[in-house]
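In what follows, a structure is listed as structure tokens, so that the remarks can point back to it.
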Amino acid sequence: MKCAVIGAGSWGTALAHHLASTGREVLIFAREPEVAEEINLHRRNSLYLPDIELLPMEATTDYERLFSPFEIYVWAVPTQKSRPLLSTIYRNIDLATPMVIASKGIENNSLMLLHQLFAEILGPHANLAVLSGPSFAKEVVQAAPTAVTIASTKPRTGAGVQAIFSNDTFRAYTSSDLTGVELCGAVKNVIAIASGICSEMGLGCNATAALITRGLAEITRLVVKCGGEEQTTSGLAGVGDLLLTCTGGLSRNRMVGQRLARGEKLAEIVESMAMVAEGVQTTQSTWELAQKLDVDMPITAELYQVLFAGKPVEQGIHDLMTRRLKSERWFS
Ligand SMILES: NC(=O)C1=CN([C@@H]2O[C@H](COP(=O)(O)OP(=O)(O)OC[C@H]3O[C@@H](n4cnc5c(N)ncnc54)[C@H](O)[C@@H]3O)[C@@H](O)[C@H]2O)C=CC1
Ligand SMILES: O=C(CO)COP(=O)(O)O
């Protein structure tokens, strides 16, 4: 049976290519007709994944094609665009088919993670899994060794999805902690923007190491408060993806931070990017969630002020460094 990948941006295309590399037939749903046409005619997606020759796959812009039987669905649509698309197709997709959520973010206003959004729209019988972890799309299509986490509350679904994705260059581990895995994947993008600022301002390696460590501390507090497992934050979806995105040159979120530090306006940066940097909207959601749940997230709070309230970056850094002195214990 075919796999269906929904979303033909960099990540959806990379995952479709990876599934094709395991010998599977793949249907990929694209929003833009020119993207579908280029994949079908030239095996390329120059808008979202340039300079890569893709393995054979079929692309379509017709969402009714998603209503046939599939082995799995893979969801790679930006978080803030997910509700409208899912609401359009949900009545006609097979609930028993595993839905593997590969997007990373927290929906604005509702403050929902995607597995919560999917459960709300698809209902309690939805067969959900989350794929997260350190995995730049470009490296996955280049078959560079990659390890990820597959979370599902259904052991059979988790193991099935793990088997489908794993091969000798792509290794998936299972987890039952949907909330922890998703929150880690979402909030690391917030810390990655801050890391891009640090790097561009030349604040040094000490600052980056401190940012990653204290970023992990605030992610952990949020995960635990939301009912996730503390241990998840030291896994691939947690510290793994945080390290990758805060230090890797391929990160779009880190790039947003670098451009902010160069003095560009957030609106101009977002407008000029063909691809999504989820951390921008996720900063808003995370800040609201932290306030609602009374979780101390100082880096997120300062970044929120910089992104959305015009606070100068230098002031944000000063305010972070001169906060009340405290114990290093994450929950103090
Ligand atoms: N690119 C990467 O290396 C990775 C990305 N992710 C996550 O995957 C998700 C998707 O990211 P990318 O593919 O990188 O983004 P992208 O910006 O490369 O592509 C976004 C895709 O979503 C489509 N889209 C945009 N608005 C839409 C709408 N209203 N309805 C339907 N489709 C719409 C676009 O046409 C495009 O195909 C994000 O949540 C991202 O954080 C996760 C792991 C790795
Ligand atoms: O999530 C990612 C890698 O795991 C991709 O990060 P960016 O969206 O910052 O490029």
Can you name every residue in region 299-332 that is in the same structural domain as Lys265 (by the TED database), within 22 Å of Lys225 (Cα to Cα) and among the hydrophobic types (A, V, I, L, M, F, W, C)?
Ile299, Ala301, Leu303
Counting only residues in region 1-30 that are part of a loop (DSSP other than H, G, I, E, B), crowded, with 24+ Cβ neighbours inside 10 Å and on the phi < 0 side of the Ramachandran plot, the one nearest to ligand 2 (Cβ to nearest atom) is identified as Ala8
For region 75-96: of the residues being in contact (Cβ under 8 Å) with a residue 40 or more places away in the chain and within 16 Å of ligand 2 (Cβ to nearest atom), which is farthest from Val130 (Cα to Cα)?
Gln80
Count of region 235-264 residues which are surrounded by fewer than 19 Cβ atoms within 10 Å (Cβ to Cβ), in contact with a helix residue (DSSP H, G or I) (Cβ under 9 Å, 6 or more places away or on another chain) and not in a helix (DSSP H, G or I)
5
Checking the structure you have, find out if any residue of region 136-149 is touching a residue at least 24 places away in the same chain (Cβ under 8 Å), more than 28 Å from Gln284 (Cα to Cα) and among the hydroxyl-bearing types (Ser, Thr, Tyr).
yes
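Kindly evaluate Leu289 against the criterion of being in contact (Cβ under 8 Å) with a residue 60 or more places away in the chain, away from ligand 2 (no atom under 13 Å from the Cβ) and touching a Cys at 6+ places or on another chain (Cβ under 9 Å). Working first, answer last.
Numbers: in contact (Cβ under 8 Å) with a residue 60 or more places away in the chain: yes; away from ligand 2 (no atom under 13 Å from the Cβ): yes; touching a Cys at 6+ places or on another chain (Cβ under 9 Å): yes.
Considered against the rule, which asks whether it is in contact (Cβ under 8 Å) with a residue 60 or more places away in the chain, away from ligand 2 (no atom under 13 Å from the Cβ) and touching a Cys at 6+ places or on another chain (Cβ under 9 Å), Leu289 comes out as yes.
What is the residue count in region 257-285 for residues that are β-branched (Val, Ile, Thr) and near ligand 2 (Cβ under 8 Å from one of its atoms)? Show your work before the answer.
Going through region 257-285, the residues β-branched (Val, Ile, Thr) turn out to be 269-270, 276, 280, 282-283.
Then drop every residue that is not near ligand 2 (Cβ under 8 Å from one of its atoms), which leaves 276.
Of the residues in that region, 1 qualify.
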Glu139: acidic (Asp, Glu) and out of contact with any Leu (no Cβ under 6 Å at 6 or more places or on another chain), yes or no?
yes
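Name the residues in region 255-297 that are under 14 Å from Gly105 (Cα atoms) and not acidic (Asp, Glu), would you?
Just the residues of region 255-297 that are under 14 Å from Gly105 (Cα atoms), to begin with: 276-289.
Hits for region 255-297 are Val276, Ala277, Gly279, Val280, Gln281, Thr282, Thr283, Gln284, Ser285, Thr286, Trp287, Leu289.
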Residues that are touching a residue at least 40 places away in the same chain (Cβ under 8 Å) and either in contact with a strand residue (DSSP E or B) (Cβ under 8 Å, 6 or more places away or on another chain) or more than 30 Å from Val140 (Cβ to Cβ) (or both): does region 253-267 have at least one?
no
Here are some residues: Leu27, Leu41. Which one is assigned by the TED database to the domain that holds Leu85 and without any contact (Cβ under 8 Å) to a residue 12 or more places away in the chain?
Leu41
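Go through region 172-220 and give me each residue that's part of a helix (DSSP H, G or I), free of Cβ contacts under 8 Å to residues at least 12 places away in the same chain and not aliphatic (A, V, I, L, M). First the steps, then the outcome.
Keep residues of region 172-220 that are part of a helix (DSSP H, G or I), which gives 178-200, 205-220.
Restricting the remaining residues to those that are free of Cβ contacts under 8 Å to residues at least 12 places away in the same chain gives 205-207, 209-210, 213.
Passing the criteria: Cys205, Asn206, Thr213.
The values are calculated or read from the model by the stated rules, or taken from the named source; none is laboratory data. Keep in mind the model is a prediction, meaning the values are calculated, not measured. When we count neighbours, we look across all protein chains shown, and the Cβ atoms used for this are built from the backbone with ideal geometry, even at glycine.
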